[in-house]
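First comes the structure, then the notes that go with it.
The values are calculated or read from the model by the stated rules, or taken from the named source; none is laboratory data. These numbers come from a predicted model, not from an experiment. In this analysis, Cβ positions are derived from the backbone assuming ideal geometry, glycine residues included, and neighbour counts consider all displayed protein chains.
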Amino acid sequence: MKVSYLNDEFFSRLETLALNLRANLAGYFGGKHLVKTYGQTVEFADYREYMLGDDIRRIDWNLFSRFEKYFLKLFTDERQMHVQIFLDCSASMGKDNPQKAAFSVAVAAALGFLAVHNMDKVSFNLIKKDKAENTNGMIVGKTTFFKAIADLENIEFSDDADLATAITNSQNTGTNDGLTVIISDFFTENDWKKAVDYLSYKRRQVLLVQVLSPDEVDPAYSGRVHLIDTESEDMADARNMKIRITPSMQAAYQEAMKDFIADIKQFCVSREADFISISSDKSIEKVLFGELFKVGIME
């Protein structure tokens, strides 16, 4: 059964929010994000002494009459950012779990909506195997955004995903001009950390959103079960096994999951990236109004 969070009510609840991006990003002219550089807005910021070659039209003649020195008026600068969203479309993200798939799509759509609502550019990149598919290009404005949403709701989750190769080979990554979001469960044998290193090299602000199902967070299995890797094409794969689940194994799993999440968090701290881990049975509002507020992405 197909699950969807995307409707008019969902998007209307997002209109009071905004993405909080770093002030040292360069971006493009014409946006709403205040940056540390000075620009051409009407909001006064500061003065500095005149230097040869400066525009004399910006000299404050009132100050000259008082101090007999030339000072320029400086104004704040506002820029448009590029919010780039990468969505892991591997089988573990939703092939047999419609709720997890719909939740992941809803998080991507919500962040994309916040971008266009605040006059930013957004691009949706679907990671399938070692490719990042972007069928809608750079999206500006809500009309184009809502056309792209239909494609998001029809995603097929299958196979595996090589996050590092897909992201490092993607086009129009940009440099120092916005936020890159990676939405995944990070259940992969490929070294996804190379993708974060690449984005850090490109001086992009990075947010990792880990989406897990309730069973992945706290499995309730017991007795003999047949575990099947959804990303394995070979049923004889060694990762598929019949096993008897005991309480001690459940405890070991939960401990390993804590270590797994802690490793991601520690790595993100070392790269000055933001990270949240969420369960797909939580409300989207809790993610947006809670977790993203905590890491400072939302305001």
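If you go through segment 98-119 one residue at a time, do you hit one that is assigned to a strand (DSSP E or B) and either within 17 Å of the chain's Cα centre (by Cα) or among the small types (Gly, Ala, Ser) (or both)?
The answer is no, given that none of the residues of segment 98-119 is assigned to a strand (DSSP E or B) and either within 17 Å of the chain's Cα centre (by Cα) or among the small types (Gly, Ala, Ser) (or both).
If the Cβ limit is 6 Å and pairs must be 6+ apart or interchain, which residue in segment 261-277 that is surrounded by 17 or more Cβ atoms within 10 Å (Cβ to Cβ) pairs with which residue that is charged (D, E, K, R)?
Filtered contacts from segment 261-277: 275/265; 276/291.
Which one is surrounded by the most Cβ atoms within 10 Å (Cβ to Cβ) among residues in segment 130-173 that are free of Cβ contacts under 8 Å to residues at least 60 places away in the same chain and assigned to a strand (DSSP E or B)?
Going through the qualifying residues, I end up with 132.
Matching residues to (1) assigned to a helix (DSSP H, G or I); (2) outside the structural domain of residue 127 (by TED's automatic domain parsing); (3) surrounded by 14 or more Cβ atoms within 10 Å (Cβ to Cβ); (4) at pLDDT 95 or above:
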{"residue": "180", "(1), (2), (3), (4)": "no, no, yes, no"}
{"residue": "183", "(1), (2), (3), (4)": "no, no, yes, yes"}
{"residue": "189", "(1), (2), (3), (4)": "no, no, no, no"}
{"residue": "196", "(1), (2), (3), (4)": "yes, no, yes, yes"}
{"residue": "200", "(1), (2), (3), (4)": "yes, no, yes, no"}
{"residue": "203", "(1), (2), (3), (4)": "no, no, yes, no"}
{"residue": "208", "(1), (2), (3), (4)": "no, no, yes, yes"}
{"residue": "225", "(1), (2), (3), (4)": "no, yes, no, no"}
{"residue": "229", "(1), (2), (3), (4)": "no, yes, yes, no"}
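When segment 96-121 is examined, which residues are found to be charged (D, E, K, R) and at pLDDT below 90?
Within segment 96-121, 96, 120, 121 meet the criteria.
Among the residues of segment 256-292, write down those that are in a loop (DSSP other than H, G, I, E, B) and under 23 Å from residue 19 (Cβ atoms).
271, 272, 273, 280, 282, 283
Determine which single condition residue 127 fails, assuming it passes every other condition in (1) among the β-branched types (Val, Ile, Thr); (2) under 13 Å from the mean Cα position of the chain (by Cα); (3) part of a strand (DSSP E or B).
Condition (2) is where residue 127 drops out.
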